[in-house]
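Rule-based calculations on the coordinates, nothing more; no lab input. Here the structure is a predicted model, which is why all the values come from computation and not from measurement. With ideal geometry, Cβ positions are generated from the backbone for all residues, glycine too; neighbour counts draw on all protein chains shown.
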Amino acid sequence: MDMDPDAIRPGEAAIELPTDFDAGLYFIGRIRTPWRHRSECPKNANESRAAGIACTIEVDERYAAALTGIGTCTHLLVLYWMHQARRDLVIQSPRHHGAARGTFALRSPVRPNPVAASIVELARVEGTRLTVIGLDCLDGTPLVDLKPHFAAADAVVETTVGRYAEQKIDG
């Protein structure tokens with residue numbers, strides 16, 4: 001039996017959120033994936049990428065001109081809004097790692113502003129529909145932005161992250 005995804009785990013801490021927002025966003029489209037429930041989603045985009053699971057990015061027609069030349073890119077940086085994630089946890093206890101950590105030390109979708117990012121392979125462009133490989137979000141997830149991925153500029157080889165400090169992490 002799955003635990004309530006919104007339940008606070010032992011060691012976690014939540015805060016009261018601000019009553020007002022500082023900025024606004026324009027969602028530029030929606031992402032179509034095979035996953036309808038959070039329990040079905042890959043743990044991260046690498047799982048989706050390794051399995052070769054194709055997803056569709058549907059860009060709103062008003063932004064069609066912004067896609068000019070996108071077909072020349074092999075990979076894209078996709079920014080999206082994890083619209084079903086809670087936003088109030090500042091300490092989280094990931095179920096796969098146990099030890100509690102601050103939200104900003106995790107890649108969890110649970111954060112004050114649930115912006116997610118994935119590097120995807122661009123498989124096909126058909127008008128305002130992009131077929132991509134390498135996403136980890138629910139069907140209907142709002143699209144925030146698309147950018148070309150530049151491997152030379154975007155990769156920092158000497159990166160380490162806490163619990164992985166002793167491991168070599170390959171892209």
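Arrange 133, 70 by Cβ neighbour counts within 10 Å, fewest through most, would you?
70, 133
What are the ³J(HN,Hα) values, in whole Hz, obtained from phi via the Karplus relation 6.51 cos²θ - 1.76 cosθ + 1.60 with θ = phi - 60°, for each residue of region 37-54 in sequence order, with x given for Gly and Pro?
So the J values, rounded to whole Hz, are 10, 4, 5, 8, 5, x, 4, 7, 5, 4, 4, 5, 4, 4, 7, x, 6, 7.
If I take the Cα coordinates of the chain and project them onto the principal axes, what are the three extents in Å, biggest first?
Dimensions of the chain along the principal axes of its Cα atoms: 48, 41, 35 Å.
Quickly estimate the mean residue ellipticity at 222 nm for the chain, helices only: each DSSP H run with n ≥ 4 gives -39500 (n - 2.57), and the total goes over all residues, rounded to 500.
Value at 222 nm, helices only: -1500 deg cm²/dmol.
Show the residues, 5+ positions off or on another chain, whose built amide H is closer than 5 Å to the amide H of residue 60.
For residue 60, the qualifying residues are 29, 30.
Expected output is a single nm value to one decimal: the length gained when fully extending between residue 123 and residue 70, i.e. 0.36 nm times separation in residues minus the C-alpha distance. What is it?
18.0 nm
Give me the number: length gained by fully extending residue 158 to residue 21, i.e. 0.36 nm times residue separation minus the C-alpha to C-alpha distance, one decimal in nm.
45.7 nm
With the contact rule set at Cα under 8 Å and sequence spacing of 6 or more, what percent relative contact order holds for the chain?
Averaging sequence separation for qualifying contacts and normalising by length gives 34 percent for the chain.
For region 40-123, with only Lys/Arg (+1) and Asp/Glu (-1) charged at the beta-carbon, what is the dipole magnitude about the Cα centre, in debye rounded to 20?
480
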